[in-house]
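One structure below.
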Amino acid sequence: MAKPKRYPDNWQEIALSVKENAGWRCAKCHQQCLRPGKQSGLTKSERCALTLAVHHRNRIPEDNRPENLIALCTACHLSYHNRGQSNVSPGQLSLFPDDGVDWDIMNFSEESEPDNLSAVKLKNL
């Protein structure tokens with residue numbers, strides 16, 4: 001039996017829109033990240049550190065409302081997951097030390113979640 005897809009077919013377009021709206025800058029630490037095609041001359045490690053990811057504040061990949069998506073650099077994204085909020089491998093987490101950052105930017109109002117996500121949340125518990 002095939003595993004159900006958690007991300008929509010247009011995820012790449014959604015993620016690109018979030019990154020462009022953020023000006024390719026991390027919403028937490030304000031690190032300027034790389035735009036596609038701008039990696040020349042950097043090591044793989046440097047490119048990784050300057051990669052912008054799109055994070056789901058409520059950790060539900062099916063919930064792609066703009067208010068649920070936030071652009072984070074690799075370090076901030078992994079640091080958030082390091083706080084027990086999701087499953088990330090220990091190898092990934094070891095790449096970045098705990099930074100002591102105040103993560104209030106990640107607060108997300110449960111009240112704003114659409115009703116159809118309740119079943120998804122319960123299923124994932």
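The values are calculated or read from the model by the stated rules, or taken from the named source; none is laboratory data. As the structure is a prediction and not an experimental result, all values here were calculated from the model. Just the protein is used for accessible areas: all its heavy atoms, side chains included, with ligands, DNA and RNA removed. Shrake-Rupley method; radii C 1.70, N 1.55, O 1.52, S 1.80 Å.
Conditions (1) open to solvent by 50 Å² or more (accessible area, probe 1.4 Å); (2) assigned to a strand (DSSP E or B), marked per residue:
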position	(1), (2)
4	yes, no
14	no, no
18	no, no
23	no, no
29	yes, no
34	no, no
37	yes, no
46	yes, no
53	no, yes
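State all residues of region 70-81 that are closer than 17 Å to residue 24 by Cα and either open to solvent by less than 20 Å² (accessible area, probe 1.4 Å) or aromatic (Phe, Trp, Tyr) (or both); if no residue qualifies, say none.
Just the residues of region 70-81 that are closer than 17 Å to residue 24 by Cα, to begin with: 70-77.
Across region 70-81, the qualifying residues are 70, 71, 72, 73, 76.
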Lone unmet requirement of (1) in a loop (DSSP other than H, G, I, E, B); (2) at pLDDT 90 or above; (3) not hydroxyl-bearing (Ser, Thr, Tyr) for residue 87:
(2)
Residue 67, sole failed condition from (1) open to solvent by less than 30 Å² (accessible area, probe 1.4 Å); (2) at pLDDT 90 or above; (3) in a helix (DSSP H, G or I):
(1)
